[in-house]
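For reference, the structure discussed in these notes is given below.
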Amino acid sequence: MIQFSHVYKTYTGPVHALKNIDLTIDKGEFVFITGPSGAGKTTLFKMLSAYDKPSSGNVNVAGFDLGKIGVEKVADFRRRIGVIFQDFKLLKDRTIFENIALPLLVRGDRPAQIQRRVSEILDHVGLLEKADQRPEFISGGEQQRTAIARALIHQPGVLIADEPTGNLDPSLSEEIMDLLERVCAQGTTVFVATHDLEMVKRRKKRTIQIAGGMIIGDNK
Ligand SMILES: Nc1ncnc2c1ncn2[C@@H]1O[C@H](COP(=O)(O)OP(=O)(O)O)[C@@H](O)[C@H]1O
Ligand SMILES: [Mg+2]
C-alpha cells in the first residue's frame, strides 16, 4: 500500500511543488497522474521512489517511511520498485540484454539465472531479436520497451513510469500502455504520469489530477 498524508514539497525559491497531498493507493491498482507541465507530477514520483524527501508530511510505501528513510535502507527499498524515466536513461555502450540485466548483476544473481530471467522478459516485451543490439540502433519504441523491461526485471511491487509515452507515436503508445496493464494484471501497482488525456479517457482507470501542486480530482 502507498500512503501520502499532508505531504508538502518546497524547493528553494521558494517553489511550492506539492501542497497538502493526501493519497491512498492499494496494492495492485493502476493509477494515472495527470496535470499540465509544472503541476508537480515528477516531484510526486520523486517522493514515491525515495529520490527526494518531502519537506513535511508522511510518505509510506510498502512499509517504508520514506520521509525518514536512511541511505542504507534506500537501496533495499529501491529493489522493491521499478522506475521508468521519460528519457529512458539506457547505457549507450551496453547491449539491450546488458541494460536489462543490470539490476540483477547489481543484486548479485548468478549468470545462469540472469540469462534465464532476461531472456524471459525480452520475450515478454517482444525484444528477443534485439538482445545484442545497442540502444542507438533500435527504434524509440524499442528503447522504451527496454527501459520498461529493465524496470520490471527484478519483479517490483510498484512500477512508476514518468510520461512513458511522451516521445512515441500513437500506436506505439497504445502498445506500451497494453504492456503496463498486463504488468498490473500480474499484481504490480502501476503509476503512470501523462498529459495525454485522450489516452487516459480510453483506458478507464483511476485518474488523479494535479494542478499547482494540489490534487484537484481523483476519479476511480
Ligand atoms: N529541483 C528543483 N528546484 C526548484 N524547483 C523545482 C525543482 N524541480 C521541480 N521544480 C519546480 O516544481 C514545480 C513542479 O515541477 P515538476 O514536479 O517537475 O512538474 P511536472 O512533472 O508536473 O511537470 C515546477 O514549478 C518546477 O519548476
Ligand atoms: Mg515531469
Query raised in the report: Taking a ≥ b ≥ c as the square roots of the eigenvalues of the Cα gyration tensor of the chain, is the shape rounded (a/c under 1.5), prolate (a/b larger than b/c) or oblate?
Result: prolate
Report summary line: Output row, site Met1, 7 Å Cα→C-beta label point, backbone N cut-off 20 Å, window the stretch 57-72, residues 57-69
Requested in this report: Take the alpha-carbon centre of the stretch 141-179, take the same for the stretch 63-138, and report the distance between them in whole Å.
Outcome: 13
**Report entry** Whether the stretch 36-105 is rounded, prolate or oblate, judged on the alpha carbon gyration tensor where a/c under 1.5 counts as rounded
**Finding:** oblate
**Report entry** Ranked list, fewest to most other Cβ atoms within 10 Å of each Cβ, for Thr194, Thr24
**Finding:** Thr24, Thr194
Report summary line: Given a Förster distance of 25 Å, the FRET efficiency implied by the Cβ-Cβ spacing of Ser55 and Val106, rounded to the nearest 0.05, works out to 0.25
Requested in this report: Go ahead and set up a Gaussian network model of the chain, Cα springs under 10 Å, then flag whichever of Ile210, Ile69, Ile176 fluctuates most.
Outcome: Ile69
**Report entry** Sites Ala211 and Lys27 - FRET efficiency at Förster radius 22 Å, r taken between beta-carbons, to 0.05
**Finding:** 0.20
Query raised in the report: Over the stretch 116-190, what is the relative contact order in whole percent, taking alpha-carbon pairs under 8 Å and six or more residues apart?
Result: 30
Query - Qualifying chymotrypsin sites (Phe, Trp or Tyr not before Pro) for the stretch 44-89 [loop in DSSP, other Cβ within 10 Å: at most 15] - result: Tyr51
Query raised in the report: Roughly what angle does helix 96-107 make with the longest principal axis of the chain, taking Cα atoms, 0 to 90 degrees, to the nearest 10?
Result: 60
Query - Set of lysines with alpha-carbon distance to Lys41 below 21 Å, sequence-local pairs under 8 removed - result: Lys9, Lys19, Lys27, Lys53, Lys89, Lys201, Lys204, Lys205, Lys220
Query raised in the report: DSSP loop trypsin sites (Lys or Arg not before Pro) in the stretch 18-67 with at most 12 other Cβ atoms within 10 Å of their Cβ, which ones?
Result: Lys27
**Report entry** Relative contact order %, the chain, counting alpha carbon pairs below 8 Å whose residues are six or more apart
**Finding:** 30
Report task. Determine ³J(HN,Hα), in whole Hz, for all residues of the stretch 73-85 in sequence, where each value follows from phi through the Karplus function 6.51 cos²θ - 1.76 cosθ + 1.60 and θ = phi - 60°; x replaces Gly and Pro. Result -> 7, 4, 4, 4, 4, 4, 5, 9, 10, x, 10, 10, 8
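Every number here is computed from the coordinates shown, using simple stated rules; none is lab data. These figures come from a predicted structure and were not determined experimentally. All Cβ positions, glycine included, derive from the backbone under ideal geometry; neighbour counts span all protein chains shown.
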